[in-house]
1. Out of the residues in the stretch 136-182 meeting the condition of being over 23 Å from Arg92 (Cα atoms) and outside any helix (DSSP H, G or I), tell me which one is modelled with the lowest pLDDT.
2. Is the stretch 88-104 home to any residue that is part of a helix (DSSP H, G or I) and of a type outside the set (S, T, N, Q)?
3. Which one of the conditions (1) touching a residue at least 60 places away in the same chain (Cβ under 8 Å); (2) touching a helix residue (DSSP H, G or I) at 6+ places or on another chain (Cβ under 6 Å); (3) buried (at least 20 other Cβ atoms within 10 Å of the Cβ) does Asp61 fail to meet, given that it meets all the rest?
4. Just one of Leu106, Leu135, Leu156, Leu172 is surrounded by fewer than 23 Cβ atoms within 10 Å (Cβ to Cβ), hydrophobic (A, V, I, L, M, F, W, C) and under 17 Å from the mean Cα position of the chain (by Cα); which is it?
5. Which condition does Ile193 not pass, out of (1) modelled with pLDDT of 90 or more; (2) part of a helix (DSSP H, G or I), if it passes all the others?
6. Taking Leu85 as the residue in question, decide whether it is surrounded by 20 or more Cβ atoms within 10 Å (Cβ to Cβ), closer than 20 Å to Asn178 by Cβ and free of Cβ contacts under 8 Å to residues at least 24 places away in the same chain.
7. Scan the stretch 107-120 for residues that are touching a residue at least 12 places away in the same chain (Cβ under 8 Å) and either out of contact with any helix residue (DSSP H, G or I) (no Cβ under 8 Å at 6 or more places or on another chain) or part of a loop (DSSP other than H, G, I, E, B) (or both) and jot them down.
8. Any idea how many residues of the stretch 115-132 are within 16 Å of Leu104 (Cβ to Cβ) and surrounded by fewer than 19 Cβ atoms within 10 Å (Cβ to Cβ)?
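The values are calculated or read from the model by the stated rules, or taken from the named source; none is laboratory data. Keep in mind the model is a prediction, meaning the values are calculated, not measured. Please note: Cβ atoms are built from the backbone with ideal geometry, for glycine as well, and neighbour counts cover all protein chains shown.
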Amino acid sequence: MNDVIVARHYANLQEHNIPLGVNAQADYWVWLCSNTKQFIIAAEEMPKCKPPGMDLIFIVDDSGSIDPNAFQNVRTFLTTIIKDLKTNQANRIGIVRFNSAAYLELNITYNFDMAYQKAQNLTHAKGYTDIGKGLEMAYQQFKQFGRSDVPMVGVLITDGDGGDASADADNLKSMGVNLFTVGVGDHATHELIKWCKVF
């Protein structure tokens with residue numbers, strides 16, 4: 001994710017719009033990374049730019065409004081990012097999934113092999129969607145286990161069809177969590193943009 005964040009800053013300088021959908025984002029990041037690999041390597045070789053690690057929690061919508069094929073793309077997205085995160089031993093990762101309730105799939109940990117397995121086999125439970133429940137559980141995890149000396153990052157992966165979670169998003173941001181969203185499906189709502197950074 002450290003590489004991804006460096007790439008994201010680079011992407012901000014580009015004229016290309018970053019798509020919301022998982023499939024479109026996969027194509028976009030393949031294109032971007034092929035053009036920014038040397039940029040990332042150079043940035044990491046600069047001591048002042050080398051990230052100190054981070055605590056990252058994926059907040060994953062596993063509700064019935066997510067198409068099964070799209071959910072498999074979510075698993076692939078997670079495992080790809082987890083592989084990248086593993087390159088920095090100071091990183092930690094957690095996974096929360098939610099539908100009408102929230103479930104702690106993986107507490108924040110340094111164990112990336114376990115995180116990879118959890119992501120690869122993530123349950124698609126279906127049911128209704130309550131984004132606020134997922135954000136609230138992530139908030140509790142950061143509050144109890146987050147490190148104050150490294151960036152805290154939440155990545156919400158959802159189609160956005162789950163009510164107004166603005167208050168829960170604000171709670172996370174008020175404690176210093178950088179909250180990003182990845183839209184799932186072709187009809188991912190643009191309402192997400194109001195209270196998260198599109199990633």
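1. Gly162
2. The initial filter retains those residues of the stretch 88-104 that are part of a helix (DSSP H, G or I), namely none.
No, the stretch 88-104 contains no residue that is part of a helix (DSSP H, G or I) and of a type outside the set (S, T, N, Q).
3. Failed condition: (2).
4. Details: Leu135 fails: surrounded by fewer than 23 Cβ atoms within 10 Å (Cβ to Cβ); Leu156 fails: surrounded by fewer than 23 Cβ atoms within 10 Å (Cβ to Cβ); Leu172 fails: surrounded by fewer than 23 Cβ atoms within 10 Å (Cβ to Cβ).
Exactly one of Leu106, Leu135, Leu156, Leu172 is surrounded by fewer than 23 Cβ atoms within 10 Å (Cβ to Cβ), hydrophobic (A, V, I, L, M, F, W, C) and under 17 Å from the mean Cα position of the chain (by Cα), namely Leu106.
5. Among (1) modelled with pLDDT of 90 or more; (2) part of a helix (DSSP H, G or I), the lone unmet condition for Ile193 is (1).
6. Judged against the criteria, Leu85 is not a match.
7. Scanning the stretch 107-120 gives Tyr110, Lys118.
8. Total satisfying the criteria: 4.
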